[in-house]
Amino acid sequence: MLYLGGLGRSGTTVLERVLGELPGTCSVGELVHLWQRGVLDDETCGCGSPFSRCPFWTEVGSRAFGGWDPALATRMEELRPRVDRTRFIPRLLVPRLLGRHRADLQEYVATFLRLHRAISETAGGAVVIDSSKHSSLAFCLRSEPEIDLRVVHVVRDSRGVAYSWTKEVLRPEATAGEALMTRYSPARSAALWVGHNLFFGLLGRLGTPTRLLRYEDFVADPGTVLVELADFAGLPLGPGALDFLDGSSVMLTPSHTVAGNPMRFRTGATTLRRDDAWRSDLPQGRRRLVSALTSPLLLRYGYFRGHSRRATR
Ligand SMILES: [Zn+2]
């Protein structure tokens with residue numbers, strides 16, 4: 001499986017949608033939210049159907065669990081705060097430190113394994129693309145040797161990320177409750193940006209196959225990045241595999257994404273372009289604050305060298 005990691009508002013949704021157009025892949029949105037938003041809240045799938053009436057997810061549920069059981073989803077939502085939290089990452093490195101929660105981790109991850117297998121089978125043996133983003137879920141999944149986990153660590157300029165977190169964004173799929181996406185102050189998003197990026201860097205150093213990708217490099221040259229990521233995912237690209245892409249214009253077809261940024265509902269011709277609104281709209285004081293808090297990593301990722309140099313490894 002290909003796991004797209006990084007802090008939210010870093011372009012993972014658009015990357016996922018484009019990757020999902022490659023033959024042999026199946027993009028499913030943010031699987032971490034499947035239990036609550038899909039199974040329990042019956043929110044809208046990327047295909048436009050409610051989760052419970054989407055033929056794809058109905059078949060996945062049937063293959064994995066003999067049908068979707070709200071009790072299983074409730075159980076997964078109970079397990080998640082016990083193991084899948086950023087603050088547990090140090091303990092996830094040495095599972096015996098989890099103590100009584102070690103069994104919780106095994107149960108949590110085993111359920112994801114069944115889910116991944118059923119998704120791949122339903123999609124004809126496809127590589128599953130999960131854009132859950134959270135570093136903690138990636139650390140959970142790496143504890144299960146049966147999961148062939150490959151991580152794309154997506155980074156975007158922290159000032160663009162911080163600006164995006166200050167904006168009000170509607171959640172069109174919400175059927176009840178919160179209709180707006182979460183907002184963070186620039187200081188909060190800067191701290192989260194540093195934390196998530198450090199953890200994804202650590203994941204790579206611990207041996208989980210990890211590929212660093214700057215969002216800005218992806219939108220500048222999506223074709224080259226797609227070829228590199230297909231190779232990273234072990235996905236052979238036949239003739240015409242990139243026909244959905246013409247320069248920076250991409251033809252998006254509906255996908256069965258279970259949760260994520262509202263961009264997951266977009267279909268048809270879409271132009272990929274860098275969102276640089278923060279350069280004019282993020283107030284100077286906030287910009288300086290975010291730059292100061294995140295400068296060591298901005299430097300490491302090449303953001304002070306301008307955007308011409310590729311940081312992909
Ligand atoms: Zn669907």
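Describe numerically, in nm with one decimal, the distance between label points set 7 Å from Cα along Cα→Cβ at S248 and at R279.
1.1
Sort E168, E21 so that the residue with the fewest other Cβ atoms within 10 Å of its own Cβ comes first and the one with the most comes last. If you can, show how the numbers build up before the last one.
Details: E168 7, E21 19.
Ascending number of Cβ neighbours within 10 Å: E168, E21.
Taking the Cα centre as origin and putting +1 on Lys and Arg beta-carbons and -1 on Asp and Glu beta-carbons, what dipole magnitude results for the chain, to the nearest 20 debye? Don't skip to the answer; put the middle values down first.
On the way: 41 positive and 32 negative charges, 310 e Å.
The calculation lands at about 1480 debye.
Going through the range 177-217, which trypsin sites (Lys or Arg not before Pro) have at most 14 other Cβ atoms within 10 Å and a DSSP loop state? Walk me through the numbers before you get to the answer.
Details: sites: R183, R188, R205, R211, R214; in loops: R183.
Counting only loop positions with at most 14 other Cβ atoms within 10 Å, the trypsin sites (Lys or Arg not before Pro) in the range 177-217 are R183.
Using only alpha carbon pairs under 8 Å that are at least six residues apart, calculate the relative contact order of the range 2-305 and give it in whole percent.
Details: 480 pairs, mean separation 91.5, N = 304.
Answer for the range 2-305 is 30 percent.
Ranking request for peptides 158-164, 273-279: highest mean number of other beta-carbon atoms within 10 Å first, then the rest in descending order.
158-164, 273-279
Name the shape class, rounded, prolate or oblate, that the alpha-carbon gyration tensor gives for the chain, where a ≥ b ≥ c are the square roots of its eigenvalues, rounded holds for a/c under 1.5, and otherwise prolate holds if a/b is larger than b/c and oblate otherwise.
Values: a/c = 1.40, a/b = 1.20, b/c = 1.17.
In terms of gyration-tensor shape, rounded.
Before rounding to the nearest 500, sum -39500 (n - 2.57) across all DSSP H runs of length at least 4 in the chain and divide by the residue total; then give [θ] at 222 nm in deg cm²/dmol. Walk me through the numbers on the way to the answer.
Values: 12 runs with 133 residues, N = 313.
That calculation yields -13000 deg cm²/dmol at 222 nm.
Show me 257-267, 230-240 ranked by packing, highest mean number of other Cβ atoms within 10 Å first.
Packing order, densest peptide first, comes out as 257-267, 230-240.
Going by the alpha-carbon gyration tensor, a ≥ b ≥ c the square roots of its eigenvalues, is the range 1-88 rounded (a/c under 1.5) or, if a/c is not under 1.5, prolate (a/b greater than b/c) versus oblate?
Working: a/c = 1.84, a/b = 1.08, b/c = 1.70.
Oblate is the answer for the range 1-88, as a/c is 1.5 or above yet b/c matches or exceeds a/b.
Using a 10 Å cut-off around each Cβ, can you sort E144, E78 from fewest to most neighbouring Cβ atoms?
On the way: E144 16, E78 12.
Going from least to most buried by this count: E78, E144.
So, R0 is 25 Å and r is the distance between the beta-carbons of T182 and F304; what FRET efficiency does that work out to, to 0.05?
Numbers: r = 29 Å, r/R0 = 1.16.
The pair T182/F304 has a calculated efficiency of 0.30.
Hey, how many Å between the Cα centroid of the range 74-120 and the Cα centroid of the range 31-49?
Cα centroid of the range 74-120 versus Cα centroid of the range 31-49: 20 Å apart.
Rounded to a whole number of µm²/s, how large is the Stokes-Einstein D of the range 150-255 at 37 °C and 0.692 mPa s, given Rh as the Kirkwood radius over C-alpha pairs? Before the final figure, lay out the partial values.
Values: Rh = 16.5 Å.
For these conditions, the coefficient is 199 µm²/s.
For a protection proxy built on the mean count of beta-carbon atoms within 10 angstrom, sort 23-34, 280-291 highest first, please. Provide the component values of the computation, followed by the final result.
Values: 23-34: 22.7, 280-291: 14.5.
The packing order, highest mean first, is 23-34, 280-291.
When DSSP assigns beta bridges and you keep just the ones with both residues in the range 2-305, what percent turn out antiparallel, to the nearest 5?
Numbers: 8 of 23 bridges.
Of the beta bridges lying entirely in the range 2-305, close to 35 percent run antiparallel.
Compute the signed sum of charges (Lys and Arg +1, Asp and Glu -1) over the other residues within less than 15 Å, Cβ to Cβ, of G238.
Details: positive: none; negative: E21, D231, D243.
Combined, the nearby Lys, Arg, Asp and Glu give -3.
Round to the nearest 0.05 the FRET efficiency obtained for D231 and E146 when R0 = 25 Å and r is the Cβ-Cβ distance.
Numbers: r = 23 Å, r/R0 = 0.92.
Between D231 and E146 the formula returns 0.60.
Work out the FRET efficiency for R266 and R102 from their Cβ-Cβ distance, taking R0 = 45 Å, and round it to the nearest 0.05. Write down the numbers at each step before the final one.
Details: r = 41 Å, r/R0 = 0.92.
Calculated transfer efficiency: 0.60.
Any read-out appearing in this document is the output of simple, stated calculations on the displayed coordinates, not a laboratory observation. Given the structure is predicted, the values throughout are model-derived calculations rather than measurements. Every residue, glycine as well, gets a Cβ built from its backbone with ideal geometry; the counts of neighbours run over all protein chains shown.
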